[in-house]
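Shown next, in structure tokens, is the structure this report addresses.
The values are calculated or read from the model by the stated rules, or taken from the named source; none is laboratory data. Bear in mind the structure is a predicted one, so any value in this text is a computation, not a measurement. Every residue, glycine among them, receives a Cβ derived from its backbone with ideal geometry; neighbour counts consider all protein chains shown. Please note that ligands, DNA and RNA were not included when accessible areas were found on the heavy atoms of the full protein model with its side chains. Shrake-Rupley method; radii C 1.70, N 1.55, O 1.52, S 1.80 Å.
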Amino acid sequence: WTNDTFAYLVGKNFGKNKLFPSISPKKTIEGFVGGMIFTVICGLLLANYYINANSPYIWIIIALIVSVFSTIGDLIESKFKRSAGVKDSGKIMPGHGGILDRLDSIIFVAPFIYLFYLIKNYVS
């Protein structure tokens, strides 16, 4: 959610270059980069102050995976909505694009984080 929130805030205030205008016309490259930067910062803060992680590099990699794949998940969900001709994916959370719009990032990111841990544990 950090990625989504800060991508929106940075994109709204500084965004000029569209990311994929045919799928999601309001998403910008600047918003994507801003979301990524703030997600890395948040990941480092979590690793440092709440988890006491030994290696902050793992949390940077996880934050980058989250940023990239949550944006892809959001774009895929936007494409599904455009194909279906609807604005929101449900009525449970009005004004937020529906419950799927709140969870598309988590649903899409989780397998890639799991894959990262499988690879990390296999290599180390």
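For segment 37-52, 3J(HN,Hα) computed residue by residue from phi via the Karplus equation (6.51, -1.76, 1.60; θ = phi - 60°) reads 4, 5, 5, 5, 4, 5, x, 5, 5, 4, 4, 6, 9, 10, 10, 6 Hz, glycine and proline entered as x.
Taking the C-alpha atoms only, the angle from helix 99-123 to the longest principal axis of the chain is near 30 degrees. Helical content alone sets the calculated 222 nm signal of the chain at -23500 deg cm²/dmol, taking -39,500 (n - 2.57) per DSSP H segment of four or more residues and averaging over every residue.
The label point for ILE37 and the one for PHE80, both projected 7 Å from the Cα toward the Cβ, are 3.2 nm apart. Surface composition of segment 1-92: carbon plus sulfur atoms hold 67% of the accessible area, using a 1.4 angstrom probe and ignoring ligands, DNA and RNA. Of all lysines in the structure, those lying under 21 Å Cα to Cα from LYS81, and not within fewer than 8 positions of it along the same chain, are LYS18, LYS26, LYS27, LYS91.
Note on SER55/ILE106: beta-carbon distance plugged into 1/(1 + (r/R0)^6) with R0 of 30 Å gives a FRET efficiency of 0.80.
The residues of the chain expose on average 67 square angstrom of accessible surface per residue, using a 1.4 Å probe on protein heavy atoms. For the chain, the longest principal axis of the C-alpha atoms and the axis of helix 2-14 are separated by about 60°. Relative to the longest principal axis of the Cα atoms of the chain, helix 56-84 runs at roughly 20 degrees. Taking amide H as placed 1.01 Å from N in the peptide plane, the amide H of THR28 sits under 5 Å from that of LEU19, each at least 5 places away or on another chain.
Put simply, the convex hull of the Cα atoms in the chain casts, on average, a shadow of 8.6 nm².
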